[in-house]
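Notes follow the structure.
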Amino acid sequence: MTSKIGWAAVVASAISIASAHGQDATDSFADAANGAKVHSASGFVCPQQVGHFERDAVGERDPEAGADFCAYSALDGVYGTITLVPLKGGYDPKAMLAQGFVVQEGTGGRMVGETTMLLGPKSAPLSVYVRTYETAKLEALHYKILFASAAVGPWAAEVTIEFADPRDNENEADFLNAAYAGAMAEIAGAAPAK
């Protein structure tokens, strides 16, 4: 359970940083209808709710890289984060997600899956790199963290989900699909941030 608590602390830290600066303190997001936030540079919409997930915060993830995030949570300690990173060169999903992998492996996480998924319409599916770590087991639940990344136009859309398998599998899949459906619909043609 240590790494599960560790990941929750990372999410809480990101939320508190965004709250300390105020959710609207950054010019990265603008208000939209129904409580949504629109990422100004890419056009990606972070709705107030994604399925069972409620948005907790939006803000800057890494100002130097131009990366911004939307953080979500659901009941039972399920967390989802969408991070948008402008592509300023080649796209290598493993390299982009490497810092998260190092954290998981350093706290005892065990890689339990790595694949490429095709999401979206069959006529033009999006290739999404996915790696999953198991961080703890408790009775019949396996606590996992899924890292996903895809190039969408001039942006990398990264999704991280913390969930319990099998209890939260449906919520995890719904969040992943919703995040990439939104990315495909909203940011494919957007210019990268300078």
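The values are calculated or read from the model by the stated rules, or taken from the named source; none is laboratory data. Only a predicted model underlies this, so the values are computations on that prediction, with no experimental measurement involved. In this analysis, Cβ positions are derived from the backbone assuming ideal geometry, glycine residues included, and neighbour counts consider all displayed protein chains. Just so you know, the surface numbers come from the protein's heavy atoms only, side chains and all, with ligands and any DNA or RNA stripped out. Shrake-Rupley method; radii C 1.70, N 1.55, O 1.52, S 1.80 Å.
Observations
- Members of the stretch 77-94 that are of a type outside the set (Phe, Trp, Tyr) and more than 16 Å from the chain's Cα centre (by Cα): LEU87, LYS88, GLY89, GLY90, ASP92
- Members of the stretch 51-73 that are buried (at least 21 other Cβ atoms within 10 Å of the Cβ) and more than 20 Å from GLY100 (Cβ to Cβ): none
- Listing of strands (runs of 3 or more DSSP E) fully contained in the stretch 125-194 that carry 2 or more residues being closer than 17 Å to PHE53 by Cβ: 141-152, 155-165
- Any hit, the stretch 75-83, residues being touching a Gly at 6+ places or on another chain (Cβ under 9 Å), within 18 Å of TYR180 (Cβ to Cβ) and among the β-branched types (Val, Ile, Thr): yes
- Subset of the stretch 137-172 [open to solvent by less than 10 Å² (accessible area, probe 1.4 Å) and more than 13 Å from THR81 (Cα to Cα)]: ALA150, VAL152, TRP155, ALA156, ALA164, ASP168
- Exclusive hit being under 16 Å from the mean Cα position of the chain (by Cα) and either modelled with pLDDT of 95 or more or within 24 Å of ASP62 (Cα to Cα) (or both), set ALA164, ALA157: ALA157
- Once the stretch 77-115 is narrowed to residues that are charged (D, E, K, R) and touching a Phe, Trp or Tyr at 6+ places or on another chain (Cβ under 9 Å), the residue that is most open to solvent (accessible area, probe 1.4 Å) is ARG110.
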